[in-house]
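Enquirer: Pasting in a structure now, in structure tokens, and then I'll have a few things to ask.
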Amino acid sequence: MKAFTFKGGVHPLEMKELSNGFAIVDAFPASKTVTIPITQGGAPNSPIVNVGDEVAKGQKIADGEKYMNCPVHSSVSGKVKKIQNCVVTGNNEVPCIIIESDGENRTSFLAVLDPFSVSKEEALARIKEAGVVGMGGASFPSHVKLNPPSDKVIDYCLINAAECEPYLTCDERLLQEETEKVIDGLAIILHIIGTAKGIIALEDNKAYIQPILEKEISEKNYEDRISVRLVKTKYPQGSEKFIVSACLGREIPSAKLPADAGCIISNVGTVISISDAFRLGKPVVERVLTISGGAVEKPCNLRVPVGTVVSDLLPEHVTLKENQTVKIISGGPMMGFAMASSDFPIVKGTSGVTFLTKDETFLTDEDPCIGCGSCINACPLHLSPVLMVREMDAGKYKKARSFGLMDCIECGCCAYVCPANVRLVQRFRLGKSKLRNIMAEEKIKADLLAKKQAEEKNGQKSEAK
């Protein structure tokens, strides 16, 4: 079968063989304690429990009143010990609820609900109440994604099963071990959307899974609505823009969403969570992720409670090679975040943790950019990274925007091919932050000027009277 793809991109070492042969294993934090950020996608939440409260697994512990809020649930039964700021992925400190397990595993799940006998509004409400977000990393609330504006015609739902990030294999294992839930979750989404068709986009390095998926599709009589499409193994094939390009031959416009190209995209873990939300009444309280890298004795795929601190898995479930770890990444090496230590919690969007050795990282200093243009050829969005960096170095952030700064998806292809080892992705992240600050300051000044002009105009009218 033909494998579809997109222009640009790179071919880093996949390193999937380290962990893709190992089945998912349940693991629990050694301290019997979880640290759960109160917001894990959507609008900021507030705690709805207090220190000292007894909670059950699946009980809602944080939420908000806005449409974009997505609730967070306790992943264990036990007592709330603290509510305080803790370091999370990205090295930011955010409010977290720390719960000590009582070992009783008491649950407070939602009632089981037939997804095909309820209205669209009831189905979306269930997905929201279960706290389902995009589990590929972006953590966008699924109840919002599955309810696009009425003027958007959705004719395809794509399941992003590419998993192009090196080292990570949790989706690959889920496709094999929870095939029924993957197809069921996609069928539920198609029922909510209406007339759309479903496509499972699978990189051809995982082509052996295609017959497994197609067998389940056939057994459930979904052949007329769901198909599997192979895409070429290339990074960043799993990015939404390139999945759409490869599978549908469509382009998501700049600063627009997949819905503007007539499709909705969900991750493998997301559709499984949607199935669980209806069939089991189970909120998102667990996360399957990959622990890999050259510094890990036995790379693995684990299912852990949301809020498990990574260091709490050492060494009972994950053993590191002595004095080998030089970098810890939340996620994979291309788009993940380097962390100061392993003392950070696993959240809904954590697809893996990678422990890298010196041989697997580039710790050399930057050399001056030679303007070779390699980054331009590698950029899958056809931007000009070299020109963006030059303008940012000159303090011209608006000019950098004109070369595509805000369109950059921070995939790391440019940095991967750069012969001067310029830290391009880090520079773009900082540049975006500075540009947003500049734009915010300009808006404040414009608002103040407009207010002043309005006051002067009103004053002139009063004098005229």
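The values are calculated or read from the model by the stated rules, or taken from the named source; none is laboratory data. None of these values were measured; they are calculated from a predicted model. Here the Cβ positions follow ideal geometry from the backbone for every residue, glycine too, while neighbour counts run over all protein chains shown. Areas reflect the complete protein model, heavy atoms only, side chains present, ligands, DNA and RNA absent. Shrake-Rupley method; radii C 1.70, N 1.55, O 1.52, S 1.80 Å.
Enquirer: When residue 465 is evaluated against the numbered criteria (1) at pLDDT below 90; (2) open to solvent by less than 100 Å² (accessible area, probe 1.4 Å), which criterion, by number, is the only one it fails?
Expert: Here residue 465 clears every test but (2).
Enquirer: Condition test on residue 226, is it within 22 Å of residue 117 (Cβ to Cβ), at pLDDT 95 or above and either open to solvent by 10 Å² or more (accessible area, probe 1.4 Å) or of a type in the set (A, V, I, L, M, F, W, C) (or both)? Don't jump to the end; show me each part of the working.
Expert: Details: within 22 Å of residue 117 (Cβ to Cβ): yes; at pLDDT 95 or above: yes; either open to solvent by 10 Å² or more (accessible area, probe 1.4 Å) or of a type in the set (A, V, I, L, M, F, W, C) (or both): yes.
Here the answer is yes, as residue 226 does meet what is asked.
Enquirer: I would also like to ask the following. Of the conditions (1) part of a helix (DSSP H, G or I); (2) open to solvent by less than 80 Å² (accessible area, probe 1.4 Å), residue 411 clears all except one; give me its number.
Expert: Against the list (1) part of a helix (DSSP H, G or I); (2) open to solvent by less than 80 Å² (accessible area, probe 1.4 Å), residue 411 comes up short only on (1).
Enquirer: Determine, yes or no, whether residue 205 is in a helix (DSSP H, G or I), open to solvent by 20 Å² or more (accessible area, probe 1.4 Å) and closer than 26 Å to residue 330 by Cα. Lay out the reasoning, then the answer.
Expert: Values: in a helix (DSSP H, G or I): yes; open to solvent by 20 Å² or more (accessible area, probe 1.4 Å): yes; closer than 26 Å to residue 330 by Cα: yes.
Judged against the criteria, residue 205 is a match.
Enquirer: Next up: If you check every pair at least six apart or on different chains, which have Cβ atoms under 7 Å apart with a residue in the stretch 34-56 that is closer than 17 Å to residue 287 by Cβ first and a residue that is open to solvent by 50 Å² or more (accessible area, probe 1.4 Å) and aromatic (Phe, Trp, Tyr) second?
Expert: 41/140
Enquirer: I'm trying to understand the selection: among the residues of the stretch 128-139, which are open to solvent by 20 Å² or more (accessible area, probe 1.4 Å) and at pLDDT 95 or above?
Expert: Within the stretch 128-139, the subset open to solvent by 20 Å² or more (accessible area, probe 1.4 Å) is 128-129, 136-138.
Result: 128, 129.
Enquirer: Separate question: Being of a type in the set (S, T, N, Q), modelled with pLDDT of 95 or more and buried (at least 18 other Cβ atoms within 10 Å of the Cβ) is the requirement here; does residue 308 meet it? So that I can check it myself, show each step before the final result.
Expert: Working: of a type in the set (S, T, N, Q): yes; modelled with pLDDT of 95 or more: yes; buried (at least 18 other Cβ atoms within 10 Å of the Cβ): yes.
Taking the combined requirement at face value, the residue satisfies it.
Enquirer: Right, next: How about the stretch 209-306: which helices (runs of 4 or more DSSP H) wholly inside it have at least 1 residues that are without any contact (Cβ under 8 Å) to a residue 40 or more places away in the chain?
Expert: Values: elements: 210-219, 240-248, 268-279.
Of the helices (runs of 4 or more DSSP H) lying wholly inside the stretch 209-306, those with at least 1 residues that are without any contact (Cβ under 8 Å) to a residue 40 or more places away in the chain span 210-219.
Enquirer: Can you work out which of the residues in the stretch 1-40 that are under 30 Å from residue 104 (Cβ atoms) and β-branched (Val, Ile, Thr) is surrounded by the fewest Cβ atoms within 10 Å (Cβ to Cβ)?
Expert: 25
Enquirer: Continuing with this model, one more query. Quick one: residue 176 ticks every box in (1) farther than 24 Å from residue 22 by Cα; (2) surrounded by fewer than 20 Cβ atoms within 10 Å (Cβ to Cβ) bar one, so which box is it?
Expert: Going through the list (1) farther than 24 Å from residue 22 by Cα; (2) surrounded by fewer than 20 Cβ atoms within 10 Å (Cβ to Cβ), residue 176 breaks only (1).
Enquirer: Further, regarding this structure: In this structure, is residue 113 at pLDDT 95 or above, out of contact with any strand residue (DSSP E or B) (no Cβ under 9 Å at 6 or more places or on another chain) and either among the hydrophobic types (A, V, I, L, M, F, W, C) or closer than 25 Å to residue 73 by Cα (or both)?
Expert: Numbers: at pLDDT 95 or above: yes; out of contact with any strand residue (DSSP E or B) (no Cβ under 9 Å at 6 or more places or on another chain): yes; either among the hydrophobic types (A, V, I, L, M, F, W, C) or closer than 25 Å to residue 73 by Cα (or both): yes.
Yes: the conditions hold for residue 113.
Enquirer: Give me a count of the residues in the stretch 156-165 that are at pLDDT below 95 and either more than 23 Å from residue 250 (Cα to Cα) or open to solvent by 40 Å² or more (accessible area, probe 1.4 Å) (or both).
Expert: Final tally of qualifying residues: 0.
Enquirer: Pick out the one residue from 43, 62 that is farther than 22 Å from residue 313 by Cβ and open to solvent by less than 10 Å² (accessible area, probe 1.4 Å).
Expert: Numbers: 43 fails: open to solvent by less than 10 Å² (accessible area, probe 1.4 Å).
Step by step, each of 43, 62 is checked, and only 62 is farther than 22 Å from residue 313 by Cβ and open to solvent by less than 10 Å² (accessible area, probe 1.4 Å).
Enquirer: So, one more: Tell me, yes or no, whether the stretch 438-459 has at least one residue that is in contact with an Asp or Glu (Cβ under 7 Å, 6 or more places away or on another chain), over 21 Å from residue 237 (Cα atoms), assigned to a helix (DSSP H, G or I) and open to solvent by 30 Å² or more (accessible area, probe 1.4 Å). Give the steps one after another, and end with the answer.
Expert: At the first step, the residues of the stretch 438-459 found to be in contact with an Asp or Glu (Cβ under 7 Å, 6 or more places away or on another chain) are none.
Looking through the stretch 438-459, none of the residues is in contact with an Asp or Glu (Cβ under 7 Å, 6 or more places away or on another chain), over 21 Å from residue 237 (Cα atoms), assigned to a helix (DSSP H, G or I) and open to solvent by 30 Å² or more (accessible area, probe 1.4 Å).
Enquirer: Please work out which one of (1) in a helix (DSSP H, G or I); (2) open to solvent by less than 100 Å² (accessible area, probe 1.4 Å); (3) more than 30 Å from residue 5 (Cβ to Cβ) is the condition residue 430 fails and give its number.
Expert: (2)
Enquirer: Out of 86, 70, 96, I need the residue that is touching a helix residue (DSSP H, G or I) at 6+ places or on another chain (Cβ under 8 Å) and either under 30 Å from residue 145 (Cα atoms) or loosely packed, with under 14 Cβ neighbours inside 10 Å (or both). Which one? Show your work before the answer.
Expert: Working: 86 fails: touching a helix residue (DSSP H, G or I) at 6+ places or on another chain (Cβ under 8 Å); 96 fails: touching a helix residue (DSSP H, G or I) at 6+ places or on another chain (Cβ under 8 Å).
After ruling out the rest, the residue left standing is 70.
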